[in-house]
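Shown next, in structure tokens, is the structure this report addresses.
Bear in mind that the values in this text are calculations on the coordinates, not laboratory data. Predicted, not measured: the structure shown is a model, and the values here were computed from it. When we count neighbours, we look across all protein chains shown, and the Cβ atoms used for this are built from the backbone with ideal geometry, even at glycine.
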Amino acid sequence: MAQRLPPILEKVVRGETCSGCGLCAGIDPAIAMTRDARGFFRPRAVGKAREGSDALLATACPGARVSPWAEAPHRHPLWGPWWRCLTGHATDPEIRHRGSSGGVISALALHLLQTGEADRVLQAAMDPERPLETIAWRSTDRGGILAAAGSRYAPASPLAGLMAELDRPGRLVFVGKPCDAGALRQLCDADKAIAARFVAILSFFCAATPSQRGTDRIVEALGAAPDQIARFRYRGEGWPGSAAATMKDGEEKRMRYAESWGAILSKEVQFRCKICPDGVGGVADVAAADAWYGGEDGYPAFEEAEGRSLILTRTARGDALVAAAEAAGRLATEALAIEDVVKMQPHQAHRRRHLQARALAVRLTGGFLPAMEGLDLEAAARGEPLLPRLKATAGLVRRILEGRR
Ligand SMILES: Cc1cc2nc3c(=O)[nH]c(=O)nc-3n(C[C@H](O)[C@H](O)[C@H](O)COP(=O)(O)OP(=O)(O)OC[C@H]3O[C@@H](n4cnc5c(N)ncnc54)[C@H](O)[C@@H]3O)c2cc1C
């Protein structure tokens, strides 16, 4: 008899609400992540699912339930719970340069390793064997953190190896997209023994995960022979930094961020991301993002600058971590008014305001949606007049009916 996924995962995969985080494979060896036709990671049954997996995944899988935001001293309808709102950067110039924006996530993770508070950092990085692919990565030192710095705009399942990590002793830091962080947060809520292993969950604002095909299209446009590529990055090494393929002969072929993201990757995103209610990393201890200057179109109003991150501390633990990294001289920060975040993140603001309208379109067409309680979608929608929201619903209904989800 063919092996079957737990019923909740069947619904998630059929409803296209799987984000590809790998949590299911990370908690049950009967599930493996495999690539679909566009190169997104999706769960596949490789054995008989454990008893209890279905119930656990119904509360922890981000395709079934999006983690609700926690209480904090402040809460913004677009940006979620926060303790402090800052801009900042790593003080280590190499980390700042290699980081996607200001290298803040890398600096915080390294701080936890160097102070001995954590033993390993679970994150995502380029596969050294197959540079066009992105793998779950484990860092124990500065070299590992530097290798993983920068954003990979491609499918990654950073939670797929979770069980193996938990089987080994040690305290862990997790870095992942908001859906990855939400999955782990929900698992920690369900299992206090797992929660006790994590020193911090770090995340970032995320517009969407593009398919692996998006990477292939960049490589094609660069005229780079895939088998001659020694290293491939999407960002970093400057701010915003270019997508770049370093060839085996040392030549570097580059594409500007506005072109790689704007013209290619943003057209290749999975459906789950279009209805994501928490692209702002609302349940992480700390969420970082690009603190662009200017750029009303959502792109930086400059070619290259020294990296700067937006930083939202979201829990008491995250706030203390940022304060400690700053006191240790690993991070430099400045206060930012929460009202100014919208200037740096116009796309995220638009998306949060339209989310309820998009979710309605899925409901009207009989589609499956993850539970989305406690994410202030009503409050976010109030920031947008009714007509554009109705248009958003109608537009998505039309695309769904035309088979263009
Ligand atoms: C798919 C994607 C979409 C994004 N969308 C936005 C956006 O809309 N707005 C915005 O401001 N910022 C976005 N970012 C985040 C942004 O590019 C920076 O990561 C953020 O500004 C933090 O920068 P930093 O220099 O502090 O991080 P760094 O110090 O460079 O650390 C980045 C960390 O992210 C991890 N990482 C990289 N790629 C992945 C991945 N695919 N899956 C899981 N973990 C990963 C790395 O392992 C590393 O630990 C996105 C990132 C990704 C990967």
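Hand me the GluC sites (Glu not before Pro) from segment 1-78 located in a DSSP loop with no more than 15 other Cβ atoms within 10 Å, in residue order please.
When the GluC sites (Glu not before Pro) of segment 1-78 are filtered for loop state and at most 15 Cβ neighbours within 10 Å, Glu51, Glu71 remain.
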(request) Using +1 at the Cβ of each Lys and Arg and -1 at the Cβ of each Asp and Glu in the chain, identify which of Pro155, Ala225, Gly238 lies farthest towards the dipole's positive end. (result) Pro155
(request) For segment 267-405, give the magnitude of the charge dipole about the Cα centre (Cβ charges: +1 Lys/Arg, -1 Asp/Glu; no others), in debye to the nearest 20. (result) 1020
(request) From zero up to wherever the largest Cα-Cα distance of segment 15-344 sits, split into 20 Å bins and tell me the percent of pairs in each. (result) 33, 61, 6
(request) Enumerate the aspartates and glutamates that Lys391 could reach by cross-link, defined here as Cα to Cα under 18 Å, with residues fewer than 8 away along the same chain left out. (result) Glu378, Glu402
(request) Could you tell me which of Gly170, Pro81, Ser100 has its Cα farthest along the dipole of segment 56-177 towards the positive end, charges placed at Cβ (Lys, Arg +1; Asp, Glu -1), taken about the Cα centre? (result) Pro81
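Roughly speaking, what is the stretch gain from Ala324 to Arg35, that is 0.36 nm per residue apart minus the C-alpha to C-alpha distance, in nm to one decimal?
100.0 nm
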(message) Suppose only helical runs count, i.e. DSSP H with n ≥ 4. What mean residue ellipticity at 222 nm does that imply for the chain under -39500 (n - 2.57) per run, divided by all residues and rounded to the nearest 500 deg cm²/dmol?
(response) -9500 deg cm²/dmol
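Going through segment 312-401, which GluC sites (Glu not before Pro) have at most 14 other Cβ atoms within 10 Å and a DSSP loop state? Walk me through the intermediate numbers first.
Details: sites: Glu326, Glu334, Glu339, Glu373, Glu378; in loops: Glu373.
Of the GluC sites (Glu not before Pro), the ones in loops of segment 312-401 whose Cβ has at most 14 other Cβ atoms within 10 Å are Glu373.
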(request) Return the aspartates and glutamates within reach of Lys248: Cα separation strictly under 20 angstrom, same-chain partners fewer than 8 residues apart disregarded; answer none if there are no such residues. (result) Asp127, Glu129, Glu133, Asp216, Glu220, Asp227, Glu237
(message) Can you compute the charge dipole magnitude of the chain about its Cα centre, using +1 on each Lys and Arg Cβ and -1 on each Asp and Glu Cβ, nothing else charged? Give it in debye, rounded to the nearest 20.
(response) 1240
(request) Please order Leu122, Leu132, Leu312 by the number of other Cβ within 10 Å, starting at the fewest. (result) Leu132, Leu122, Leu312
(message) Considering only C-alpha atoms, what is the centroid distance from segment 42-66 to segment 85-152, in Å?
(response) 29
(request) Of the options Ala337, Ala392, Ala361, report the single residue whose Cα projects farthest towards the positive end of the charge dipole of segment 275-405 (beta-carbon charges: Lys, Arg +1; Asp, Glu -1). (result) Ala361
(message) Can you give me the C-alpha center-to-center distance between segment 350-405 and segment 183-234, rounded to a whole angstrom?
(response) 25
(message) For a 28 Å ceiling on Cα separation, which of these pairs sit above it: Lys48/Lys267; Lys253/Lys343; Lys11/Lys48?
(response) Lys48/Lys267; Lys253/Lys343
(message) Where in the chain is the longest stretch that carries no chymotrypsin sites (Phe, Trp or Tyr not before Pro) classed as loop by DSSP and with at most 14 other Cβ atoms within 10 Å?
(response) 1-292
(request) Identify all lysines with a Cα-Cα distance to Lys192 below 25 Å; exclude those on the same chain that are fewer than 8 residues away in sequence. (result) Lys177
